[in-house]
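Asks: Before I ask anything, here is the structure I am working with.
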Amino acid sequence: MIKETMLKYLGYGNQEISEEMDHMIDSCIQEVKEVSQPGVVCRKFALAENPLRIEETGDEIIGEQMKELLENCEECLLIGCTLGIALERKLKYYSRIDMTRATVMDAAASAYLEAFCNEYEEKLGYPNRTYRACPGYGDFPLEFNRKIAKILDIHKRLAITMTSDYLLIPQKSMLGLIGIGTKKRKKQCGDCVMKEDCCFRKRGQRCYETESEKNC
Amino acid sequence: MLRDRIGKELLIFDGAMGTQLQQAGLAAGAIPEELNIDRPDLLQSIHRRYLDAGADFITTNTFGCNRLKMSEAKYEAKDMLKAAVTNAKEARRQAGREEDAYIVLDIGPIGQLLEPMGTLTFDEAYDIILEQVETVKDEVDAVLFETMSDLYEVKAGVLAVKEHTELPVFVTMTFEQNKRTLSGNDPVTFVNVAEGLGVDVLGVNCSLGPEELKPIIDEILDTAVIPVMLQPNAGLPCLEHGETHYHVTPEEYVEAMKDYMARGAAIAGGCCGTTPEFIRQLSLAAPKYVSERNVVKKTRVSSQTKTVTFGDRVIVCGERLNPTGKKKMKKALLEERYDELIVEAVKQDEAGADVLDVNVGLPGIDEPETMKQVIRLLQEVITLPLQIDSSSPEAIEKACRYYNGKPLINSVNGKDKVMDAVFPIVKKYGGVVIGLTLDEGIPLKAEERFEIAKKIIKKAETYGIGKEDIIIDCLTLTASAQQKEVKETLRAIEMVKELGVHTVLGVSNVSFGLPNRPLLNRTFLVLAMQSGLDLPIINPLDRELMAAIDAFHVLFYKDVDSQRYIEKQSQVEIKAVVPSAEFSLKDIIIHGLRDEVENSVREELKKAEPLDLINNVIIPALNIVGRDYETGKIFLPQLIQSAETTKKAFEVVKESFSSTGGEEKGPVIMATVEGDIHDIGKNIVKVVLESYGYGVIDLGKDVKIEQVVEAYHKYQPKAIGLSALMTTTVVSMEKTIARLREDGCTCPIWVGGAVLTEDIAKDIGADYYTEDAMASVTLLEKIIS
């Protein structure tokens, strides 16, 4: 699955791949797995309405999509996850000496992060949960990253730091919110700002895992 | 005096503050430091309970009290700092412990990652910490940096304290179960760097319980010469119902800590989950005095994540990062194109070097500044410790200040003036210094060089630099000029070793002016190793030379069971699957066979003129690649691979151009705008543009507006390309464009990035938008004629 996802990120569309390239792709996945030091923190909070917010902290959850997603959810999980600084260093290393490998590794790392989060989520034991909504996607403002960061104390627990523009370092890190109590797993392009210009859509793909991909 | 007690009497630190505040109702995400002003009674009572339980130190509630982390707090960081100290002092007064208990300014991580992985500069980190220290330095007894995970930040902090106060400095880092901090520092590297910086006490805190920390604590107790402090958690944190719990009882905690105290830990306390009861029992169980530890001082140099220890085997120092006699590197340094150096560093690393010498000394160059830049870039890519090679004390000082780790410093000699200039730097920043056995000239006799070595060691001692931080260079003489004296060097090594120091030699000098230099180098190296050479400075790409060291390790029982030797020497040469003869240069480019391209171009150049080769083979091949990408016949990695192959082809072709031919196209400037750290897209575009022969000045990521404007004036580019990944950073792209225009920039600006579109590009004032790397090429081919 990691390979499929990363190929998608790389814009793969059934081109012929040489044996060497295929080997390189596999070795990138292998190296990502070896170098990564995955870390995760997750905490459950109650949700309150009007405005929609995290009850314990009072942080308001902005965005129509979020409102829709969290309808009928009384609780939510905040989750923070990273593949660690050693991988970041490795990606940087390759971007200095071998841009092909840097690009393929970057895609492999993104795919691995996604897979790692999915697997972790599965184990939490909440069958009735929404998909993982990450600030910056759809109309869920990127600024919410700061709130999650603070609540989960991600700097101390995962050594993730956040820039003043709410970007995460290491780059292969993720902050998200999952609603508990409803089973809205289906993502849609809906209000995505990139809807008209999305390179995935142009290729007939989605940036997220679709139902048909899940079943195959 | 506190300093008189540390390391002699066993002293007790307090336990957790956060856990106590949470118990008192502090909500998740709330700012604990605000309570210093809002709830002085609560803070005082917590301190008081720890003091009454037997703590000799109380730490102020100021873990995150820096201006960055406190930007959202309702009070000023400075006011919360002052209030915290006042609370601690008041508690100490109430407890009647003003004479024998100490208040420690608590400083946790800044919360922003330092360069090169992050965006915070070393100087900014220094300033932020200094502000904290300056605010309360007259009111506290010591400063504690705790829960640190980045040794570089520790360095900034320790320097800030030591350059402005006389206060004792304590440092504890937090290690994970893999025995590394979250930034990748290991215990031995931590000890080596922290001791070099002259901290008073070092140790571990947080993350794990006393049992789980055992392998890490063992390593620290075995290597640290200075007093060690321990503040583990009350076991591993367990998440239950959204709350963190710790399950180790005070009894279990104390039982584990007793062992460490018996083995020489000097200060014991607690971190998350520990309470006054833990401290009370700990205090009762603690012996009055610190048990002695017999730690052998060793010579060690470190990068941020790797430490090389001398004595067990020969340590190889790579000599190739030095412009002397290297035209290409001279040019690269003068043009500030440091990629060249990085590639050279990576090659030496892969060839098995342990340490890399870095020399950037060239006439007309700002050596201190260049040294700083180069070291920063090297440390971004390479994890080997570096050897700072300069005759300029200013360059050495700057390099030592910004170096991440404990460097080798090359060098001092027997002249007092040189030692007086360099030894203070070695002492202040912590380094291992090379001492050349010369003063007014190189003495011919071994005995004379031995005397100079003694003089250097003695003088270093007056600066507080121990023998373990000195490596003596007995100096290689050239066999073609001073044949008779060559063996004096070998004799001198044997004599100097008797002084209890390690030795270094630049080996290849010996063969200068004679044929088959590698043979002489190799033979001399073997003789020198037998005499006791520890650190040969050589070309690690010379495989035979490296193999001689492997053989020496076997024969001198330094490679037990010949493991390394077998591993390396039994490696079969891996040949390319397809011999290059089967592929034409055109195919090599189309298939992106980077390893084949150099030979192929050289072969072709025997038959064709360079310019014809470019126009008739390389460019058409590249055009096919471009077309295949656009039509979806190949995908991104294949495009990049071909681009990198072409770039290499160009490099080889250029070598054969006369000085007038083969001009680059452009130049163009590229930058990922301020605030954005995602630069992979820009890097891909850069490689592809370079493959089309464009000179790209890459300003990097998170590039300040001023830097772009400055570069525009400096390089007068044909176009400027800006990238941004996030909608939030497109704003800063707009500002960059606006400033460029204000400054009279008329050259075309093109933009790209995940969230950009044609429309947005227009809105923010860019001239062009390109969707991907190939589109950028097409655009530039069109607009730059």
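Any read-out appearing in this document is the output of simple, stated calculations on the displayed coordinates, not a laboratory observation. Just so it is clear, the structure is predicted and the values come from calculations on it, not from any experiment. Don't worry about glycine lacking a Cβ; one is built from the backbone with ideal geometry, like all the others, and counts go over all protein chains shown.
Asks: For a quick check: with amide H placed at 1.01 Å from N, whose amide H comes under 5 Å from B:Thr503's, ignoring anything fewer than 5 positions away on the same chain?
Replies: Residues meeting the amide H criterion: B:Ile472, B:Asp534, B:Leu535.
Asks: Express in nm, to one decimal, how much length is gained between B:Asp100 and B:Asp763 on full extension, taking 0.36 nm for each residue of separation and deducting their alpha carbon distance. Could you put the intermediate results ahead of the total?
Replies: On the way: separation 663, 0.36 × 663 = 238.68 nm, distance 6.69 nm.
Full-extension gain reported as 232.0 nm.
Asks: Sticking with this structure for a sec: For helix B:773-783, what angle does its Cα long axis make with the longest principal axis of chain B, in degrees from 0 to 90 and rounded to 10?
Replies: Once rounded, one gets 50 degrees.
Asks: Could you check what % of the DSSP bridge pairs in chain B are antiparallel, to the nearest 5? Before the final figure, lay out the partial values.
Replies: Numbers: 8 of 75 bridges.
Given both bridge residues lie in chain B, the antiparallel proportion sits at roughly 10 percent.
Asks: Of all alpha-carbon pairs in the protein assembly as shown, indicate the percentage at a distance above 59 angstrom. Before the final figure, lay out the partial values.
Replies: Values: 64407 of 500500 pairs.
Tail of the P(r) past 59 Å holds 13 percent of the pairs.
Asks: Based on Cα positions only, what radius of gyration and what Dmax would you give for the stretch B:435-495, in angstroms?
Replies: Just the Cα atoms of the stretch B:435-495 yield Rg and Dmax of 12.2, 40 Å.
Asks: Could you tally the net charge around A:Met174, taking each other residue with its Cβ under 9 Å from the Cβ of A:Met174, Lys/Arg +1 and Asp/Glu -1? If you can, show how the numbers build up before the last one.
Replies: On the way: positive: A:Arg132, A:Lys172; negative: A:Glu114.
Result for the local shell: +1.
Asks: Let me ask another. To the nearest 20 Debye, how big is the dipole of the stretch A:2-215 about its Cα centre, given +1 on the beta carbon of each Lys and Arg and -1 on that of each Asp and Glu?
Replies: Working: 32 positive and 35 negative charges, 59 e Å.
Charge dipole, the stretch A:2-215, about its Cα centre: 280 debye, nearest 20.
Asks: Hey, rough spin-label estimate for A:Glu143 and B:Ala754, points 7 angstrom out along Cα→Cβ, what's it come to in nanometres?
Replies: It is 2.1 nm.
Asks: What is the spin-label model distance, in nm, from B:Met1 to B:Ser392 if the labels are put 7 Å beyond Cα along the C-beta direction?
Replies: My value for the distance between the label points is 4.0 nm.
Asks: Still on this structure: By how many nm would the segment from B:His164 to B:Glu664 grow when fully extended, if each residue of separation counts as 0.36 nm and the alpha-carbon distance is taken off?
Replies: Numbers: separation 500, 0.36 × 500 = 180.00 nm, distance 5.07 nm.
The B:His164-B:Glu664 span can extend by a further 174.9 nm.
Asks: For each pair in A:Lys90/B:Lys398; A:Lys92/B:Lys701; B:Lys347/B:Lys398; A:Lys44/A:Lys147; B:Lys704/B:Lys735; B:Lys297/B:Lys558, compute the distance between the two Cα atoms and list the pairs where it is over 18 Å.
Replies: Numbers: A:Lys90/B:Lys398 27 Å; A:Lys92/B:Lys701 12 Å; B:Lys347/B:Lys398 26 Å; A:Lys44/A:Lys147 14 Å; B:Lys704/B:Lys735 10 Å; B:Lys297/B:Lys558 20 Å.
Beyond 18 Å between Cα atoms: A:Lys90/B:Lys398; B:Lys347/B:Lys398; B:Lys297/B:Lys558.
Asks: So if we plug the beta-carbon distance of B:Asp52 and B:Tyr463 into 1/(1 + (r/R0)^6) with R0 = 51 Å, what FRET efficiency do we get, rounded to 0.05?
Replies: Details: r = 45 Å, r/R0 = 0.87.
Computed FRET efficiency for B:Asp52 and B:Tyr463: 0.70.
Asks: Which residues in the stretch B:67-105 place their backbone N less than 18 Å from a point set 7 Å from the Cα of B:Asp38 along the Cα-to-Cβ direction?
Replies: Answer for the stretch B:67-105: B:69-85, B:87.
Asks: If you don't mind, there's one more thing I want to ask. Which of the aspartates and glutamates could be linked to B:Lys606 by a straight reach, that is with a Cα gap under 15 Å, when you skip same-chain ones fewer than 8 residues away?
Replies: Correct list for B:Lys606: B:Glu598, B:Glu655.
Asks: Follow-up question, since we're still on this one. Out of every Cα-Cα pair in chain A, what percent are more than 27 Å apart?
Replies: Details: 8043 of 23220 pairs.
I get 35 percent for the Cα pairs in chain A exceeding 27 Å.
Asks: When ranked by the protection proxy of mean other Cβ atoms within 10 Å per residue, highest first, what sequence do the peptides B:219-225, A:84-90, A:65-71 form? Working shown, then result.
Replies: On the way: B:219-225: 19.6, A:84-90: 23.0, A:65-71: 18.0.
Highest mean packing first, the order is A:84-90, B:219-225, A:65-71.
Asks: Using alpha carbons only, how many degrees (0 to 90, rounded to 10) separate the axis of helix B:367-381 from the longest principal axis of chain B?
Replies: That helix lies at roughly 90 degrees to the long axis.
Asks: Work out Dmax and Rg for chain B from the C-alpha atoms and quote the Rg first, both in angstrom.
Replies: Final numbers for Rg and Dmax: 30.0, 93 Å.
Asks: How big is the shadow of the Cα convex hull of the stretch B:2-285, averaged over all directions, in nm²?
Replies: On the way: hull surface 53.7 nm².
If you wrap the Cα atoms of the stretch B:2-285 in a convex hull and average its projections, you get 13.4 nm².
Asks: Let me ask you something else. Kindly identify the stretch B:665-783 as rounded, prolate or oblate by the Cα gyration tensor criterion: order the square roots of the eigenvalues as a ≥ b ≥ c, call it rounded if a/c is under 1.5, otherwise compare a/b with b/c, prolate if a/b is larger, else oblate. Before the final figure, lay out each step's value.
Replies: Numbers: a/c = 1.32, a/b = 1.10, b/c = 1.19.
Here the stretch B:665-783 falls in the rounded category.
Asks: I'd like the FRET efficiency for B:Cys238 and B:Thr478, computed as 1/(1 + (r/R0)^6) with the beta carbon distance as r and R0 of 60 Å, rounded to 0.05. Don't skip to the end; give the middle numbers.
Replies: Values: r = 67 Å, r/R0 = 1.12.
It comes to 0.35.
Asks: With a Förster radius of 45 Å, plug the Cβ-Cβ distance of B:Ala27 and B:Val731 into 1/(1 + (r/R0)^6) and report the FRET value to the nearest 0.05.
Replies: Values: r = 33 Å, r/R0 = 0.73.
Efficiency at R0 = 45 Å is approximately 0.85.
Asks: Follow-up question, since we're still on this one. For B:Thr324 and B:Lys415 in one chain, what is 0.36 nm times their gap in residues minus the Cα-Cα distance, to one decimal in nm? Kindly include the intermediate steps, with their values, before the conclusion.
Replies: Details: separation 91, 0.36 × 91 = 32.76 nm, distance 2.40 nm.
Result for the pair: 30.4 nm of gain on full extension.
Asks: So, in nm, how far is label B:Asp595 from label B:Asp222 when the simple model puts each one 7 Å beyond its Cα toward the Cβ?
Replies: It works out to 3.9 nm between the two label points.
Asks: With N set to the number of residues, divide the alpha-carbon radius of gyration of the stretch B:1-127 by 2.2 N^0.38 Å and report two decimals. The partial results should precede the final answer.
Replies: Details: Rg = 15.9 Å, N = 127, 2.2 N^0.38 = 13.9 Å.
Against the empirical 2.2 N^0.38 Å value, I get 1.15 for the stretch B:1-127.
Asks: Using only the alpha-carbon atoms, how far is helix B:151-162 inclined from the longest principal axis of chain B? Give it as 0 to 90 degrees, nearest 10.
Replies: 60
Asks: Compute the orientation-averaged projected area for the stretch B:580-655 from the convex hull of its Cα atoms and round it to one decimal in nm².
Replies: Values: hull surface 18.0 nm².
If I average the Cα hull's projected area over directions, I get 4.5 nm².
Asks: Which aspartates and glutamates does B:Lys137 reach when only Cα atoms under 16 Å apart count, and residues fewer than 8 places away in its own chain are ignored?
Replies: Those aspartates and glutamates meeting the cut-off are B:Asp79, B:Asp106, B:Asp127, B:Glu163, B:Glu166.
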